[in-house]
Amino acid sequence: MEKTINNRAWFMVLPVLFLVAFTAVIPLMTVVNYAFQDSFGNNQFFWVGTEWFTDLLSSERFHDALVRNLIFSFSILAIEIPLGIGIALCMPKKGWGVPVCLVLMALPLLVPWNVVGTIWQVFGRADIGLLGYFLNSIGINYNYTQDPVAAWATVIVMDVWHWTSLVVLLCYAGLVSIPEAYYQAARIDGASRWAVFRFIQLPKMHSVLLIAVLLRFMDSFMIYTEPFVVTGGGPGNSTTFLSIDLVKMAIGQFDLGPAAAMSLVYFLIILLFSWVFYTVMNNAGGEKQQYAGEE
Amino acid sequence: MSTTTGTAAIDSGLAAGGQAPRRKARAKAMRTGSRYSFLVPTFYITFLMLPIYWLFNMSLKTNQEILSKFTLWPDEPTLANYMVIFTDPSWYNGYINSITYVALNTLISVAVALPAAYAFSRYKFVGDKHLFFWLLTNRMAPPAVFALPFFQLYSAFGLIDTHIAVALAHCLFNVPLAVWILEGFMSGVPKEIDETAYIDGYSFPKFFLKIFTPLIASGIGVAAFFCFMFSWVELLIARTLTTTAAKPIAATMTRTVSASGMDWGVLAAAGILTIIPGALVIWFVRNYIAKGFALGRV
């Protein structure tokens with residue numbers, strides 16, 4: 001659609017601008033303020049320059065949390081994306097099964113995040129949980145509060161449970177937009193099932209898959225509530241991701257300076273990813289329009 | 001690693017099940033999948049429902065039954081756990097608080113997002129792309145970064161422990177989301193409709209309310225649903241900004257677990273009750289849910 005150039009449109013954006021400035025910019029300025037100062041209480045602050053940043057960037061605690069978070073993000077992507085595509089391909093395309101599948105699959109997405117944590121906390125307990133009880137009764141020693149491997153497995157399976165449906169729904173939306181004519185053409189050419197997937201379905205899912213990958217990456221990169229409820233970041237620090245570490249520092253220990261510096265670094269990382277996200281998504285949209293023009 | 005290998009085994013099993021019968025009726029299979037492909041969604045939905053069923057199962061048991069024996073369904077189903085929640089003000093107030101700030105937030109978000117989304121979908125203006133990107137970064141901002149400064153900001157305004165504080169704080173991620181979703185829906189409405197209305201003598205406010213709003217009604221519904229949802233599921237900020245008077249149900253749950261030991265039955269009942277609002281409204285947005293999650297971009 002051709003857009004008119006009209007700078008008075010700014011007036012329509014002003015309410016959003018003011019509201020978001022109040023909820024985002026002012027708090028961020030506070031963080032910037034703290035990141036360069038130290039305090040001995042009594043509201044006395046003095047300038048420490050970049051001390052907190054150099055401390056943070058050389059601290060093992062931050063490195064470990066960052067690495068753990070990256071491992072977590074990439075493992076859930078490696079599971080959720082192929083699984084989501086597979087399920088979307090097998091979903092019914094018409095009939096009563098469609099709304100039933102959509103509604104039931106979307107249900108985990110609407111569960112409050114700490115309830116997701118509670119559900120899995122209960123489900124995995126060896127004494128009263130179905131999963132924990134079952135695994136222990138077939139001889140697997142499973143205890144997510146003691147064993148780091150079990151804690152990681154629980155957190156990852158929980159995330160798969162919680163968010164795979166997002167990938168499924170997005171892929172499904174991409175799949176149903178493929179016109180029947182494409183499949184007829186493939187049939188006439190005698191294309192194999194794999195060829196249909198590789199050359200028709202996958203390209204058509206391209207843009208939604210991008211959105212799914214990027215959204216899942218970003219959201220898993222700032223995961224807090226679910227692992228906090230299930231493992232509390234433990235055992236030890238084995239499931240302490242960036243957000244959990246940050247909240248521990250800021251609210252648990254009230255180390256304003258270091259916490260603020262960490263917030264800024266964290267936010268800059270997210271900003272970088274957001275920029276990649278935005279660019280990639282806009283380019284994908286551009287391509288789509290180009291194709292539409294050619295057809 | 002036991003659980004991961006478990007799911008991996010299930011996945012590979014599913015994949016094999018999807019491939020085996022394809023030799024017959026391949027042409028038909030291309031669009032609809034093979035005859036056995038319904039097994040995959042069935043297994044997946046079972047996997048999704050099991051933990052929820054387990055919570056529901058527990059909510060119908062007495063604490064004694066939960067702890068003393070392992071049963072797949074309650075021996076003597078009881079609604080006592082639900083009664084605790086409906087009769088104790090510290091429990092049911094949690095629901096009232098949550099619904100209050102979620103409703104406030106939804107209203108504010110959609111109201112300010114409507115004109116902005118219209119501007120983004122219809123006009124080019126100085127800095128539009130940068131502004132859109134800046135809004136996106138707020139959707140992507142980790143709430144943990146904002147928890148502490150929010151606390152100080154709202155303390156300074158004396159808003160701690162009020163519903164409006166949480167409602168405003170949740171605008172951080174809901175306003176950008178609403179703008180993105182509404183922009184997606186508005187771009188689907190041909191511009192000729194605007195122009196025809198102006199030629200017919202409609203003023204802008206009249207056109208917006210009488211003609212444009214009904215056209216994007218489903219978009220407004222979807223945006224409202226997603227604002228509702230993301231405000232409903234968020235806990236970190238809501239918990240930081242409230243102490244008693246506006247404390248959300250989700251925070252009530254975490255505190256009760258740690259304080260009174262392990263009242264598993266009531267905890268399970270409270271969990272089930274937090275799932276119900278989402279489960280009820282999801283039916284209405286089932287066809288748009290992918291679009292909402294994709295920020296209006298599908």
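Please work out whether chain A counts as rounded, prolate or oblate from its C-alpha gyration tensor, where a ≥ b ≥ c are the square roots of the eigenvalues and a/c under 1.5 means rounded, while otherwise a/b larger than b/c means prolate and anything else oblate? Don't skip to the end; give the middle numbers.
Details: a/c = 2.41, a/b = 1.26, b/c = 1.91.
Taking the square roots of the gyration eigenvalues as a ≥ b ≥ c, chain A is oblate.
Averaged over the residues of B:113-119, the number of partner chain Cβ atoms lying within 10 Å of the residue Cβ comes to 5.
Between the range A:179-204 and the range A:73-115, the alpha-carbon centres lie 23 Å apart. Dipole of the range A:60-294 computed with +1 at Lys/Arg Cβ and -1 at Asp/Glu Cβ about the Cα centre; of A:268, A:70, A:82, farthest Cα towards the positive end is A:82. A crude spin-label estimate for the pair residue B:35 and residue B:283, with each label 7 Å from Cα along the Cβ direction, gives 3.4 nm. Just want the answer: with Cβ charges of +1 for Lys and Arg and -1 for Asp and Glu, which residue in B:267, B:169, B:138 is farthest toward the dipole's positive end in the range B:84-293? Of the candidates, B:138 comes out farthest on the positive side.
Extension gain residue A:103-residue A:194, at 0.36 nm per residue separation less the Cα-Cα distance, in nm? Mind showing how you got there, number by number?
On the way: separation 91, 0.36 × 91 = 32.76 nm, distance 2.89 nm.
Answer, rounded to one decimal: 29.9 nm.
Rounded to 0.05, the FRET efficiency of the residue A:3 and residue A:137 pair, given R0 = 56 Å and the Cβ-Cβ distance, is 0.30. Kindly state, to the nearest 0.05, the FRET efficiency for residue B:195 paired with residue A:38, given R0 = 56 Å and r defined as their beta-carbon distance. Efficiency for this residue pair is about 0.40. Other residues within the sphere of radius under 14 Å centred on the Cβ of residue B:264, judged by their own Cβ, net out at 0 (K and R +1, D and E -1).
Spin-label model, residue A:251 to residue B:208: label points 7 Å out along the Cα-to-beta-carbon direction sit 3.7 nm apart.
Less than 5 angstrom separates the built amide H of residue A:234 from those of A:239, all sequence-distant by 5 or more or on a different chain.
Packing around the peptides B:143-152, A:261-270, taken as the average count of other Cβ atoms within 10 Å per residue, puts them in this order, highest first: B:143-152, A:261-270. Here's the picture: charge each Lys and Arg Cβ at +1 and each Asp and Glu Cβ at -1 in the range A:150-242, and of A:186, A:213, A:202 the one pushed furthest to the positive end of that dipole is A:186. Partners of residue B:129 within straight-line reach, counting aspartates and glutamates whose Cα lies under 16 Å from its Cα and excluding those fewer than 8 residues away in the same chain: A:2, B:183. Put the Cα centre of the range B:187-223 next to the Cα centre of the range B:261-291 and the gap is 34 Å.
Amide H to amide H distances under 5 Å link residue A:37 with A:48, where only residues 5 or more positions off or on other chains count and H is placed in the peptide plane. Think of it as helices only: each DSSP H run of n ≥ 4 in the protein assembly as shown is worth -39500 (n - 2.57), and spread over all residues that comes to -22500 deg cm²/dmol at 222 nm.
Sequence-ordered 3J(HN,Hα) estimates for the range B:241-248 from the Karplus curve with 6.51, -1.76 and 1.60 and θ = phi - 60° stand at 8, 10, 10, 10, 5, 10, 5, x Hz, glycine and proline given as x.
Provide the FRET efficiency to the nearest 0.05 for the residue A:279-residue B:86 pair, computing r from the beta carbons and using R0 = 41 Å.
It comes out at approximately 0.20.
Coordinate-derived values only; no laboratory data. The shown structure was predicted, so the numbers you read here are calculated from the model rather than taken from an experiment. Every residue, glycine as well, gets a Cβ built from its backbone with ideal geometry; the counts of neighbours run over all protein chains shown.
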